[in-house]
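Below is one structure, written out as structure tokens; the observations come after it.
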DNA sequence: CATTTTTCAATCATAAACAATCAAAAATAA
DNA sequence: TTATTTTTGATTGTTTATGATTGAAAAATG
């Protein structure tokens, strides 16, 4: 296996799992431990990952102080766990909506081998979906070139012709009074509609999103179930009057 | 095997695999290691690939250039000219439909700097469209994982809500009696509908498509204008009774 | 805390891949 | 045809990547 191929594989595995052991990589690439160690050193130098004892973990591109480094690492792992939990909720035969966003993207590997149908507004999810052989519908609409998501009135019209068993969304702000919020009004409209199209709407959010508000309101707290993890008990206490909140324990 | 042929082959293999070993190329071209090494050096100098120990890997290129190389046919230049002619037909303010396919993809660089709106069913065109900052709508529908095009009843429904100044389509077969044909029935349905949504539908086809028929009928010859080049005079004579045919001269 | 186990970086021999060179073969020109 | 240039494949010594081995360092265990 050639070096760039190996590197790509390593990054790919990390993208799906957030943390990986050297042994796993040795197997995945059928090369020796020494080689993997060298690869990891190099990729670390290129800031593509962070070495940890026994393997490697994702790193966020932000090159700030060390504590922040660790924090963003933990977030990614957090997202990973949330994504896995959410993925496990999906049952054979379900028709689900998958919103654009990094957490929902991480759900895809966990949707494998169930005969489900996915509807999405995220062009960036298509590759992973097709890799895992999942039947996929894209809603129509204006292509937002920055985020590669579909928005606009035509997206709304198109989306409203579907109904879902379950809906999974990312969210930027979750607040007791402001409810669910997100920066972009157009994306907010799409998210809000998606929530209303299913009896089971799930918001995937790590702890950093709580008590934050963003520009555009998507929905009231009561309209969707929150999936999160590593959150203070008093925060849960505050929210559980307003909506169902599920905490994923590691 | 001739040098340009070898080079094309190398790029083609790379397009499919991203990374390739020298040994694989030696086999694929039945030439010696030395020759392949020389080829790789040269192609690297031309920025077409990047050499790595043991072989070569893709460099990041603009999407339309990439797919130009993927198709290793000598018709590539022909398609290029047709695409340019078609691109020049588009006027400021136009709203056009761009079908999936290699020739229509090549139109995109020629659409620059006019304030147009593009509607397409081709996910593979999005990157190039966004690179050239063209306002783009995607129709909704089922994602066909092989061709990355949108098809199905939902695509049809979605597409039928638009009207276009001009429509540009690729086509597999053009035949005096069978009309316009293409292998996939689902894609044929989308193409056929697109043609009916504009007063100006253009079929982009190099000379190899003439007097060929494929499985699914898209439309009658009279429904669209054919753009082609390098075609025998007697073929033109046959067709010009049935429809308008424009020959792009180099 | 001491001990055991695992993981690590450094070193080294080996095998693979490399650039450079050269002669034969093929293509082109005279 | 012959002469000249270009392309090719084999050979050379050199460089690079790899995997095994080692003792040191770090976690895990008791």
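Exposure proxy ranking for B:206, A:94, based on other Cβ atoms within 10 angstrom of each Cβ and starting from the fewest, stands as A:94, B:206.
Computed on segment A:83-177, with alpha-carbon pairs under 8 angstrom and 6+ residues apart, the relative contact order is 31 percent. With a 10 Å cut-off around each Cβ of B:50-59, the average count of Cβ atoms from other chains is 3. Using a 7 Å projection from Cα along Cα-to-Cβ, the label point at residue B:115 is separated from the same position in the remaining copies by 5.1 nm, smallest value first.
The long axis of helix A:33-45 is offset from the longest Cα principal axis of chain A by roughly 60 degrees. Counting only other chain Cβ atoms within 10 Å of each residue's Cβ, the peptide A:153-161 averages 3.
Provide the packing ranking of A:142-151, A:39-48, i.e. peptides ordered by the mean count of other C-beta atoms within 10 Å per residue, highest first.
A:142-151, A:39-48
Remark: label point of residue B:47 defined 7 Å out from Cα along the Cα-Cβ vector; separations to the same position in other copies 2.3 nm, ascending.
A simple spin-label model places the labels of residue A:46 and residue B:91 5.0 nm from each other, with each point 7 Å out along Cα-to-Cβ. The calculated FRET efficiency for the pair residue B:131 and residue A:12, based on their C-beta separation and a Förster distance of 25 Å, comes to about 0.55. Computed from the C-beta positions of residue B:225 and residue B:153 and an R0 of 35 Å, the FRET efficiency is 0.80 to the nearest 0.05. Using the alpha-carbon positions of segment B:116-250, Rg (one decimal) and Dmax (whole number) come out as 15.1, 42 Å. Hey, what angle do you get for helix A:185-196 against the long axis of chain A, alpha-carbon based, 0 to 90 degrees rounded to 10? Roughly 70 degrees, rounded to the nearest 10. Inter-copy label distances at residue B:133, shortest first and taken from points set 7 Å along Cα to Cβ: 4.4 nm. The length gained by stretching the chain between residue B:215 and residue B:112 to full extension, at 0.36 nm per residue less their Cα-Cα distance, is 33.6 nm.
A short reminder: the numbers here are calculations on the coordinates, not readings from a lab. Worth saying up front: this structure is predicted, and the values here are computed from it rather than measured. Backbone-built Cβ (ideal geometry, glycine too); neighbour counts: all protein chains shown.
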